[in-house]
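Since the structure comes first, as structure tokens, the remarks are kept for the end.
What follows draws every value from the coordinates through simple rules; no lab data is involved. What you see is a predicted model, and the numbers here were worked out from it, not measured in a lab. Please note: Cβ atoms are built from the backbone with ideal geometry, for glycine as well, and neighbour counts cover all protein chains shown.
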Amino acid sequence: MNGDPVNWWHGAVGYEVYVRSFADSDGDGIGDLRGIRDRLPYLAGLGVDLVWVTPFYPSPQADHGYDVSDYLGVEPTYGSVDDATALIERAHELGLRVVFDLVPNHSSSQHPWFLDALIGRDAEHRDFYVWRDPAPDGGPPNNWVSNFGGPAWTLDERSGQYYMHLFLPEQPDLNWANDRVRTAFADIIDTWFARGVDGIRIDVAHALVKDEQFRDNPLLVEVAASSAPGDRFKAFDHVHDQDQEGVLDIYREWNRIAAKHDAMLLGEVYLLQTERLRRYVADGDGLHLAFAFATLHTTWDVDEIRTTLGGLVEAGGDDFAWPLGSHDDPRAATRFGGGEVGARRARAYLTLLCGLPGVPFLYQGDELGLDDGDLADDSAQDPIAVRNPGAAGRDPVRTPMLWEAVEGFGFTTGTPWLPFGANRRPEQAAAAQQGVPGSPLERTRDLLRARRELPALRKGAGSQWLADTGPVIALRRHPEDTSAADVVTALHVADGTGATGPASFRLPAPGRLVYASDDGVEVDGTTLRLPPDTAVFVELTS
Ligand code: NOJ
């Protein structure tokens, strides 16, 4: 937005590192902080600006680190606090920013606060968690369900009360109506910012505050008790267990703490309705950025992509982060058809995301053109899959990184905690793609370089969608610096129309092709010819 102060995250490109699967420095088969530090030059060379590292705190690993038992420590498998600060320092030397993952909605059931709370109703930390008496029939206090299957309540036999958990029973929800919880977390984030971290990604940022009366959520559709946890969760309208009015007050306080350190707050706000998402970033005093997860739900359909992204950009695109993938969702290449076709579409889609205002995010391995790892059922590690027979878990997106074309793929010298996947091939490894023109890795590097060098894409001063219909989606961005050129990002979505040839698109002015996600693009004056499933940046020359 014109005239706004420029914060360091404006115009940045983000990259998600899933700690367990990124790089193992000590041969135990599990990724760690030293492994990440050693690979930071690769990320700097790729051209990302901001690295989000998933939780590495002490944890029983019931949900692979999203069950934290000490918010200020480091799980020994992953390293030490010194390793965390060394990672930050090395990143800063390389010009990278580091964002850590904060998990404030719930702790581990092994956190000292919860162990104390279990002692009884008068325990010092009892009110750090959400306790309710049973319903008159002795069952759970209301109809809320866990994201990971079953009710959101577990009975504590000793006290006769239920405690609440929107995820596993081993992840009891913290009670954000308690000021002592707020004070504890204000100290935790202040400490990590003082240790040098540049920002935090806030897990489940939309759900910290719950309805004061714990009312039932309305049921939208009946689903069988045996259906997958995700479907059971979606069967309810979550008006009482998430997105409550007061949640913004927490982020207003954190915003003031972050300001002291020039740090950034990035929310995992999993709300697909644009207006509800917008609220978290709207006034500039809450979150700085919120993930717009609708990007992960579009199919390869031109109208769907146009409508979804169009609405989000209009609602305030500068303040949204655009994930191409994550450790929770199928990879873009898989969502868009798998194999070569899926990888080509994922690359084109990433180009469009890089053309939007706001912050695009790659998930580790996206730059290698990876689709989901092909895993045998008996290798399941994700609690969603382990505890809900037949449910698809998140393991296929969490398979270890492919660094070198050798045994262990340069990820580990030991046995990886999760197999690489039967579909992985040596030529997909980063080292095998390095310097090979046209490889997914080199195309991604070219894309990020082009984005960095185009002022209109780094910090624009407004944008317009150019086509309401047809197979091409196109956005024109104006630079803040008026001596720089406008840039058009265009994507040809060859979907159900069965198009096999190029689409012709009329540019608003003659242009110069700066980047293409694949070969075969032509720009002739104001005519752009785009092969199917290809996207470009075109700089307008007049
Ligand atoms: C979102 C995280 O991304 C996911 O991996 C985790 O299981 C849940 N939040 C619960 O913390």
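Compute the separation of the alpha-carbon centres of the range 444-519 and the range 371-412 and state it in Å as a whole number.
Answer, in whole Å: 35.
Indicate the gyration tensor shape class of the chain (rounded, prolate or oblate), computed on the Cα atoms with a ≥ b ≥ c the square roots of the eigenvalues: a/c under 1.5 is rounded; otherwise a/b larger than b/c is prolate and the rest oblate. Display every interim value, and only then the final one.
Details: a/c = 1.63, a/b = 1.51, b/c = 1.08.
Judged from the Cα gyration tensor, the chain comes out prolate (a/c at least 1.5, a/b above b/c).
Would you please classify the overall shape of the range 112-164 from the alpha carbon gyration tensor, given that a ≥ b ≥ c denote the square roots of the eigenvalues, rounded means a/c under 1.5, and beyond that prolate means a/b larger than b/c while oblate covers the rest? Can you show the working numbers first?
Numbers: a/c = 2.50, a/b = 1.50, b/c = 1.66.
Oblate.
To the nearest 20 Debye, how big is the dipole of the chain about its Cα centre, given +1 on the beta carbon of each Lys and Arg and -1 on that of each Asp and Glu? List each step's numbers first, then the result.
Working: 47 positive and 83 negative charges, 248 e Å.
The calculated dipole for the chain is roughly 1200 debye.
Hey, how many Å between the Cα centroid of the range 200-260 and the Cα centroid of the range 90-127?
Cα centroid to Cα centroid, the span is 18 Å.
Using the per-residue mean of other Cβ atoms lying within 10 Å as a proxy for protection, in what order, highest first, do the peptides 379-389, 218-228, 108-118 fall?
Details: 379-389: 17.5, 218-228: 10.9, 108-118: 19.5.
Listed from highest to lowest mean packing, they are 108-118, 379-389, 218-228.
Which of the three applies to the range 428-542, rounded, prolate or oblate, going by the alpha-carbon gyration tensor with a ≥ b ≥ c and a/c under 1.5 meaning rounded? Don't skip to the end; give the middle numbers.
Working: a/c = 1.99, a/b = 1.13, b/c = 1.76.
Oblate, because a/c is 1.5 or more while a/b does not exceed b/c.
What is the antiparallel percent of DSSP beta bridges lying wholly in the chain, to the nearest 5?
Looking only at bridges with both residues in the chain, the antiparallel portion is about 60 percent.
Using the Kirkwood formula on the Cα atoms of the range 210-341, what hydrodynamic radius do you get, in angstrom to one decimal? Write out the running numbers ahead of the final one.
Numbers: mean 1/r = 0.0592 Å⁻¹.
About 16.9 Å, per the Kirkwood formula over Cα pairs.
Which percent, to the nearest 5, of DSSP beta bridges fully inside the range 253-396 are antiparallel? Present the calculation step by step, with values, prior to reporting the outcome.
On the way: 1 of 8 bridges.
For the range 253-396, the DSSP antiparallel bridge percentage is about 10.
Report, in deg cm²/dmol and to the nearest 500, the calculated mean residue ellipticity at 222 nm for the chain, where each DSSP H run with n ≥ 4 adds -39500 (n - 2.57) and the sum is divided by the residue count.
-7500 deg cm²/dmol
Cross-link candidates for LYS210: which lysines have Cα within less than 24 Å, leaving aside residues fewer than 8 places away along the same chain?
LYS234
How many percent of the alpha carbon pairs in the range 33-111 exceed a separation of 18 Å?
41 percent
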